[in-house]
Amino acid sequence: MFPRTPAELAPLLDLRPRERGFTVDTLPTDHGAILGAHELLQQVLAAERAAPGKRVLSLHTVFSSGGRSGEPVDIAVETTQSGRSFAGVTLTLTQGPLLISRAVVLLTADEPDTLHHRAPGPRPAPPDDWTEIDWGLWPGRTWQRAPGESGEVAQRLATEGLAGDPGVERGLIAMSTEALVMSALITRLEGGFAFRQGSSNVLAQSVTFLEPVDGAEALVVTAVPTYAGRGRAHGTGTVTDDDGRLLATFQTTGVLRGPSRPPA
C-alpha cells in the first residue's frame, strides 16, 4: 500500500545531512523496489536544501535501478552552478555501490515579469465528471475522470493538509506526475495488463515548475500519451488548479512490455 495520509508520507521528507549530501528513508513496497515518484519528491527537497533562496525550475531524472525499498538511500549533491539568478545541482541516489537514479536540476530566483504569458491549461472538468478513488500515490483525497477522446487521463488531488511549504508542494507536484502517462497507456491495452516487475517502468521524467500553488484547493494532473511502440512509451502532461491556471508541465519516457515469451 502507498501512503494515503500526510503522516504516512512524512518519513520521506526527513533529509539527514551527510558529507556532500543527504541520507533519506524509503518506504516498503509490495514489489520490493523504490517508487520513482518518491525519488522525485526527495530530489526536489534535496536540490532546494542545497541551494538556499532558490526554487526548482526544472528537474530531469533518469532511473537506473529499482533499489531496495524500505532501506535508506544516500543523495550525493554536486553543485554545477551557483549565481544570483540561477543554480544547478546534480543529484546521485545510491544504496551502497548501486546507482538508483540521477537528476539534473536547474533552480532559479524569481524576478519581475518582463512578459507574462501562459498558454491555457486543459478545460476544467465539471464536478460531475469526477469519481473519487481510494488508490494512487497521492496522500489525500483523489478523484479521476474517464479518459478523453485522445486517451488523456486526469486526476484531481486535494491539497488539504499538504499546503504551506512551497518546497514540499513542488516535491508533491513532481511525485504526482510520475505514474500517470504509463497508466493512461495501460488503459488502452485490450484485454487488460498483467503487471510484472520491469513491464511498465518509467525510465526518465522531466518536470518544469511554472507558478506557485498559492492556496489552490486541488491540483489537476492531466497526462496525454503521445507514443507507444517498440517496447517503449512517451507522453506529456500538465498540472493546473481547478480554474485551469497552469502550474507545471512534465514529460515521461518509459518501457511498456507485454507478457514474457516462453523459451523456444
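Here are a few things to note about the model shown:
- Matching option when the condition is at pLDDT 80 or above and of a type in the set (Phe, Trp, Tyr), among PHE193, PHE209: PHE209
- In summary, strands (runs of 3 or more DSSP E) completely within the stretch 136-247 and bearing 1 or more residues that are touching a His at 6+ places or on another chain (Cβ under 6 Å) and on the phi < 0 side of the Ramachandran plot occur at 202-209, 218-229.
Residue-by-condition table, conditions (1) in the same structural domain as THR61 (by TED's automatic domain parsing); (2) of a type in the set (A, V, I, L, M); (3) closer than 23 Å to THR61 by Cα; (4) modelled with pLDDT of 95 or more:
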| residue | (1), (2), (3), (4) |
| --- | --- |
| ALA163 | no, yes, no, no |
| ILE173 | no, yes, yes, yes |
| GLY198 | no, no, yes, no |
| GLY237 | no, no, yes, yes |
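- On inspection, GLY96 does not qualify as among the small types (Gly, Ala, Ser) and in the same structural domain as THR222 (by TED's automatic domain parsing).
- Look at (1) under 19 Å from the mean Cα position of the chain (by Cα); (2) in the same structural domain as ALA233 (by TED's automatic domain parsing) and you find that ARG102 fails only one, number (2).
- Filter pass, LEU137 being of a type in the set (A, V, I, L, M, F, W, C), touching a Phe, Trp or Tyr at 6+ places or on another chain (Cβ under 6 Å) and surrounded by 18 or more Cβ atoms within 10 Å (Cβ to Cβ): yes
- Residue pairs whose Cβ atoms lie under 7 Å apart, separated by 6 or more positions or on different chains, with the first residue in the stretch 73-102 and closer than 14 Å to HIS38 by Cα and the second part of a strand (DSSP E or B) and among the aromatic types (Phe, Trp, Tyr), are ILE75/PHE22; SER101/PHE63.
- For the stretch 1-57, a residue qualifies if it is closer than 15 Å to GLU71 by Cα, in contact with a strand residue (DSSP E or B) (Cβ under 9 Å, 6 or more places away or on another chain) and in a loop (DSSP other than H, G, I, E, B), and the qualifying residues are ASP14, LEU15, ASP25, THR26, ILE34.
- Subset of the stretch 55-100 [among the hydrophobic types (A, V, I, L, M, F, W, C) and surrounded by fewer than 22 Cβ atoms within 10 Å (Cβ to Cβ)]: LEU57, VAL62, ALA76, VAL77, PHE86, LEU98, LEU99
The values are calculated or read from the model by the stated rules, or taken from the named source; none is laboratory data. These figures come from a predicted structure and were not determined experimentally. Glycine also receives a Cβ, built like all others from the backbone with ideal geometry; neighbour counts cover every protein chain displayed.
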